[in-house]
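This report concerns only the one structure given below.
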Amino acid sequence: MTSKNGLVGALEALRGRFGGVFDIRIVLGYEFAEFFDFCQYLGYFGYNAGGFAGKLQSPIELVRHHVGNCWDQTELQREWFERHGYDVRTYLLYYYLTDDCCPSHSILVHQDGDAWCWFEPMFCGTKVEYSGVHRYASEEELLQDLKRVLALNGQRTGMLPKKLEDERWVLYEYTRPEYGISDEEFYDHCRTGRKCSFD
């Protein structure tokens, strides 16, 4: 999670680079590389000064506040990719520790020719290894790598135990959720989607 000082620095970099862009119409008009850069400088934070703690922000709210969690950012990405004619899929992967603790991450996936692409602009400038656009020969290969990378980074940051059990990984492909829902409602929404396996 971004510290308060890190969050302020990310917001200052975003404002400096993008001229204080707070309008969703401008962001949705960006070309691919510029959109990726914009997303890299969004603050990654579960709770923010805009009062959206524990609530899924709309893309408009996320652009206005410049800070949100992975679910918020995935929905901005969905909006951009769909407006630019891409077919997309969104996934939520979590590791079940307890009923109240399931470290998770959501991502957007799209196809580019024969390649399956994982669009991951978050965590720019951090020790987390997976910022970038990652290309794979198959969707299955992409999802296996998602699990591998999240396991590695979860263990490195102490969010996951050193010994992981395969049956505790849960992956859902999910559709567009309703904005404004709570974290619990977001998980419930994802569980109505297609449950995937790592076989």
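Heavy-atom accessible area with a 1.4 Å probe sorts Thr90, Thr175, largest first, into Thr175, Thr90. Take the Cα of Arg83, step 7 Å toward its Cβ, do the same at Arg135, and the gap between the two points is 2.6 nm. The listed residues Arg191, Arg78, Arg168 rank as Arg191, Arg168, Arg78 when sorted by accessible area, largest first, using a 1.4 Å probe.
Between Arg194 and Lys163, the contour length at 0.36 nm per residue exceeds the Cα-Cα span by 8.4 nm. Available extension along the chain between Asp99 and Ala151 is 16.8 nm, counting 0.36 nm per residue and deducting the alpha carbon span. Highest average first, the peptides 137-146, 66-75 ordered by how many other beta carbon atoms sit within 10 Å of their residues are 66-75, 137-146. Please say if segment 86-199 is rounded, prolate or oblate, where rounded means a/c under 1.5 for a ≥ b ≥ c the square roots of the C-alpha gyration tensor eigenvalues, and otherwise the choice is prolate for a/b larger than b/c and oblate otherwise? In terms of gyration-tensor shape, rounded. Computed over protein heavy atoms with a 1.4 angstrom probe, the accessible surface ordering of Ile26, Ile181, largest first, is Ile26, Ile181.
The values are calculated or read from the model by the stated rules, or taken from the named source; none is laboratory data. The structure presented is a predicted model; accordingly, all values stated were derived computationally and were not measured. Glycine also receives a Cβ, built like all others from the backbone with ideal geometry; neighbour counts cover every protein chain displayed. In case anyone asks, the SASA skips ligands and DNA or RNA and just uses the protein heavy atoms, side chains included. Shrake-Rupley method; radii C 1.70, N 1.55, O 1.52, S 1.80 Å.
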